[in-house]
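Here is the structure we will look at.
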């Protein structure tokens with residue numbers, strides 16, 4: 001536990017001495033660390049966070065953190081959405097709509 005807290009201190013997220021207790025300050029620091037690295041913010045020491053800190057059995061593979069951040073980015077909403085079957089075609093331009 002203290003090793004994780006030391007890693008959070010080194011990352012600049014935790015600003016107190018390691019106590020070995022998973023207290024509120026440590027959870028908040030982990031949430032900030034997870035947010036900064038594009039991970040799900042749980043406040044818990046998940047595998048991706050620990051691996052990114054260099055505390056797992058091996059480091060986080062290159063590109064995993066970047067791919068996670070890319071997946072969390074908001075979609076491009078400037079393009080209109082296309083819904084299949086809603087395109088206007090000359091054949092159904094004058095056809096009445098059926099409501100169910």
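For the reader, a short list of remarks on this structure follows.
- Residue within region 28-37 that is over 22 Å from residue 62 (Cα atoms) and modelled with pLDDT of 95 or more present: yes
- Positions within region 2-19 being within 23 Å of the chain's Cα centre (by Cα) and in a loop (DSSP other than H, G, I, E, B), in sequence order: 11, 12, 13, 14
- Restricting attention to region 1-26, the residues that are over 24 Å from residue 63 (Cβ atoms), surrounded by fewer than 15 Cβ atoms within 10 Å (Cβ to Cβ) and free of Cβ contacts under 8 Å to residues at least 40 places away in the same chain total 10.
- Filtered residues of region 20-52 (kept if within 16 Å of the chain's Cα centre (by Cα) and part of a loop (DSSP other than H, G, I, E, B)): 37, 38, 39, 40, 41, 42, 43, 44, 45, 46
The values are calculated or read from the model by the stated rules, or taken from the named source; none is laboratory data. Model, not experiment: these values are computed from the prediction. With ideal geometry, Cβ positions are generated from the backbone for all residues, glycine too; neighbour counts draw on all protein chains shown.
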